[in-house]
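The numbers here are math on the coordinates, done by the rules we state, and not lab data. In this text, all values refer to a predicted model and were calculated from it rather than measured experimentally. Note: ideal-geometry Cβ built from the backbone for every residue, glycine included; neighbour counts use all protein chains shown.
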Amino acid sequence: MGYRVSRSHGPGPGGDCVKANDYIELEQKYGAHNYHPLPVVISKAKGVWVWDVEGKKYIDMLSSYSAINQGHLNDRIVRAAIDQMKRVTLTSRAFSNDRMGPFLKKLCEVSGMEMALPMNTGAEAVETSIKLARRYAHQKRNIPEGAGEIIVCENNFHGRTTTIISFSSDPDSRKGFGPFGPGFVTVPYNDLPAFERAIGKNTIGILVEPIQGEAGINIPSPGYLKGLRKTCTEKGILLILDEIQTGFCRTGKMFAFQHEGVKPDILCVGKALGGGLYPVSAALSSREIMSVFTPGSHGSTFGGNPLAAAIGEESLKVLLDEKLADRAVEMGGYFVERLKGIKSDKIKEIRAMGLLIGVEFVLKKGETVRPICERLMEKGVLAKDTHEKTIRFAPPLVITRDEVDWAIERIKEVFESV
């Protein structure tokens, strides 16, 4: 599918009118080609809607991989950011600031954890959790340094740092980036017996997503998380949950682990914690486990900065005040109900929890759902393919029934024509 040539959008960097193709060509020329975006150039956003440079309106069904649960440019979060930018934005951790303490208190309250270590990106939260788990195992459980192993799951996605891709099962994430770090054992997802068999004398714990988002919205069997918790408790190892994508009301609870009434030893959070304005992440744990971090053992210049803290605290308040977990349940159920009314023998399965929805298609060998996403884009619906055969729908949680209907009308037209 070729790029559309758009109308002029006003003066560009050089003072001339710039078209959509021009923006795409600039990005292709000066930016590394590590993404393959849909050919749309977004210039404005509000709520669940975005507009391209020619003024065409689209409904956002990705939410920047669930980083915009509160909606684009939420008024309260924007106001909190502006107010803080007028005061102080960065102090580094060489000094304390008046925003981080209240923010971390609120974050611990909503998660049920005792302490938090703030970082910036989701991958940093995962890296922090790995370091925390290792140091705790070495100091408190006498596992020899360099010998500890963390169990992970097939088809995981925890980020793209060199440590994290060492245990990725995605060839595109790994090819050409070795040598890879040791210390990880991989088991099938949603397989408690396999996890139990993999536990050895040097096992530190398991790092797992409550729902595998990037793998195609893989939802485990009921009782899986509860089983992991039981085994980890019995064996004295750590349950580390990555809720970077599933957290902050996306699945109908503040965190997905709350659906099974369990609690992790270490929790990774990010994405929607920044309210779509700013990268904010954290690793959370108990006071005992977090005590192994001492001055100089870990840090971040920007982690916990006053601007991030102000945005993060207000982002949490919006989630609570606007009851967005309840909204995810209501609108997610309605969205799935409407999807099930679409008649297409190409739809293999619909998987969903809250407003995290995956539609898997039956395709021929070598085919992907990207052309379907491109056709949705032409109709004004921005959705993302994942693992070639699945389209993810994860709109901002502020979406209304009328907006779901607007999207479904166009999704139905595309899906029934596949």
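Quick one: work out Rg over Rh on the C-alpha atoms of region 253-366, Rh as Kirkwood radius.
1.10
Mean projection of the Cα convex hull over all viewing directions, computed for region 298-418: 10.3 nm². Taking the C-alpha atoms only, the angle from helix 75-85 to the longest principal axis of the chain is near 60 degrees. Computed from the Kirkwood radius of its Cα pairs, the Stokes-Einstein diffusion coefficient for region 75-321 at 37 °C and 0.692 mPa s stands at 178 µm²/s. Remark on Glu54: its backbone amide H falls under 5 Å from none of the residues 5 or more positions apart or on other chains, H modelled at 1.01 Å from N. Mind checking which of Asp345, Asp326, Asp52 has the largest fluctuation in a GNM of the chain, springs on alpha carbons under 10 Å? So, out of Asp345, Asp326, Asp52, the one fluctuating most is Asp345. Taking Rh as the Kirkwood radius computed over C-alpha pairs, what is the Stokes-Einstein D of region 105-148 at 20 °C in a medium of viscosity 1.002 mPa s, expressed in µm² per second? In µm²/s, the coefficient is 180. Here the relative contact order of the chain, from alpha carbon pairs under 8 Å that lie six or more residues apart, stands at 22 percent. Its Cα centre serving as origin, region 75-321 has a Cβ charge dipole (Lys and Arg +1, Asp and Glu -1) of approximately 440 debye. Between the beta carbons of Leu90 and Trp51, assuming R0 = 30 Å, the FRET efficiency works out to 0.45 to the nearest 0.05.
Taking the longest Cα principal axis of the chain as reference, the axis of helix 401-415 is set at about 70 degrees.
Within the listed set Ser173, Ser285, Ser64, the Gaussian network model of the chain (springs between alpha-carbon atoms below 10 Å) gives the highest mean-square fluctuation for Ser173. Comparing Pro279, Pro193, Pro295 in a Gaussian network model of the chain where C-alpha atoms under 10 Å apart are linked, the largest mean-square fluctuation is found at Pro295. A Cα-only calculation for the chain places Rg and Dmax at 21.8, 67 Å. Taking only Cα atoms, what is the 0 to 90° angle, nearest 10, from helix 122-140's long axis to the longest principal axis of the chain? Taking Cα atoms only, the helix is inclined about 10 degrees.
May I have the convex hull volume per residue, in Å³, for the Cα set of region 150-208?
Given the Cα convex hull of region 150-208, per-residue volume reads 74 Å³.
Estimated from helices alone, the mean residue ellipticity of the chain at 222 nm is -10500 deg cm²/dmol (sum of -39500 (n - 2.57) over DSSP H runs with n ≥ 4, per residue). Each 10 Å bin, from zero up to the one with the longest distance, holds this percent of the alpha carbon pairs of region 264-320: 21, 45, 31, 3.
Which whole-number percent gives the relative contact order of region 151-230, counting Cα pairs below 8 Å spaced six or more residues apart?
Taking the mean separation of contacting Cα pairs over the length of region 151-230, I get 36 percent.
Its residue count N sets the reference 2.2 N^0.38 Å, and the alpha-carbon radius of gyration of region 304-372 equals 1.64 times that reference. Taking the DSSP bridge list for the chain and keeping only pairs wholly inside it, about 65 percent are antiparallel. Only lysine pairs 8 or more places apart or on separate chains count here, and in region 75-321 those with Cα atoms under 20 Å apart total 24. Computed from point charges on the beta carbon alone (+1 for Lys and Arg, -1 for Asp and Glu), the dipole magnitude for the chain about its Cα centre is near 300 Debye. With a cut-off of 13 Å between beta carbons, the residues surrounding Pro118 carry a summed charge of +2, where Lys and Arg count +1 and Asp and Glu -1.
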